[in-house]
Amino acid sequence: MMQESNIHFNFGARYYTLGTLNNQTRSVWFVLHGYGQLARYFLPKFDVLQHNGIFVVAPEGLSRFYLEDVTKRAVTGNNRVGATWMTAENRLMDIENYLTYLQRVYQEVIKELKCPVNLLGFSQGAATASRWALHNPTYFDHIILWAGIFPPDMDFEKGKQVLANKRITLVYGKNDPYVTDARLSEMTNLAEQLQLIPDVITFAGGHEIDEPTLEQLA
């Protein structure tokens with residue numbers, strides 16, 4: 001008879017940073033990429049922030065994969081790799097692992113530094129940032145959900161407590177094919193369950209990070 005077992009062990013992972021971290025740092029932003037992205041390509045999109053005295057940290061999803069299957073790669077020669085925070089397979093363990101990893105990155109970066117902390121999640125990273133916020137509620141001041149929404153399976157009672165005194169901002173491009181009317185309606189419903197009224201910022205673009213909007217947020 002087949003039986004599933006779990007095991008815990010030390011696991012190495014990487015993250016990237018942009019800017020200078022010292023006593024003059026205005027704030028720290030943790031930016032979480034979307035599905036199929038890598039942190040080293042995602043982070044340069046936030047270059048404008050470092051010119052505003054902001055230190056930017058880009059953790060990376062712990063699961064990586066080729067963006068094209070083996071048959072297509074044999075034809076195109078495209079060996080590009082992306083990362084994901086979780087999939088439907090063994091999702092609860094994926095969530096547990098990335099929450100542990102994100103908090104370890106936080107502790108490594110912040111240490112004794114005292115300055116505002118922002119969490120930004122892009123697309124799939126929005127759900128990741130939301131779960132992290134509830135897992136470690138004292139470690140941020142502002143959460144930005146960019147082209148993404150709260151996870152529908154979150155703990156709403158805990159969310160009401162944790163997010164009550166936090167700044168919440170929803171950002172999306174007006175031409176983003178993934179941010180449909182149904183998706184926005186879902187976000188409104190989730191925010192109501194959390195008793196929140198997020199700030200909403202839109203821009204004339206698609207599923208992307210928009211530099212003028214970042215400057216506005218900074």
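Derivation of every value follows stated rules applied to the coordinates shown; laboratory data play no part. Computed from a predicted structure; not experimentally measured. Virtual Cβ from ideal backbone geometry, glycine too; neighbours counted across all protein chains shown.
Values as computed for the structure displayed
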quantity: Chain lengthening between residue 202 and residue 87 when straightened (0.36 nm per residue, less Cα-Cα); calculated: 38.6 nm
quantity: Computed label-point distance, nm, for sites residue 184 and residue 158 using a 7 Å Cα→Cβ extension; calculated: 3.1 nm
quantity: Cβ charges +1 (Lys, Arg) and -1 (Asp, Glu), total dipole of the stretch 17-217, debye; calculated: 400 debye
quantity: Choice from 100, 128, 87 showing the highest fluctuation, given a GNM over the chain with Cα pairs closer than 10 Å; calculated: 87
quantity: Expected 222 nm ellipticity per residue - DSSP helices of 4 or more, -39500 (n - 2.57), all of the chain, to 500; calculated: -10000 deg cm²/dmol
quantity: Residues 149, 201 arranged by fewest to most Cβ contacts within 10 Å; calculated: 201, 149
quantity: Added length on full extension, which subtracts the Cα-Cα distance from 0.36 nm per residue, residue 1 to residue 20; calculated: 1.3 nm
quantity: Under 27 Å between alpha carbons - lysine pairs in the chain that sit 8 or more apart or on different chains; calculated: 11
quantity: Table column - 3J(HN,Hα) (Hz), the stretch 29-45, Karplus curve with 6.51, -1.76, 1.60, x for Gly and Pro; calculated: 10, 9, 10, 10, 6, x, 4, x, 9, 10, 4, 5, 8, 6, 4, x, 5
quantity: Highest-MSF residue in the chain out of 167, 26, 80 [GNM, Cα springs under 10 Å]; calculated: 80
quantity: Extension gain from residue 99 to residue 51, taking 0.36 nm per residue of separation minus the Cα-Cα distance; calculated: 14.4 nm
quantity: Highest-MSF residue in the chain out of 49, 92, 163 [GNM, Cα springs under 10 Å]; calculated: 92
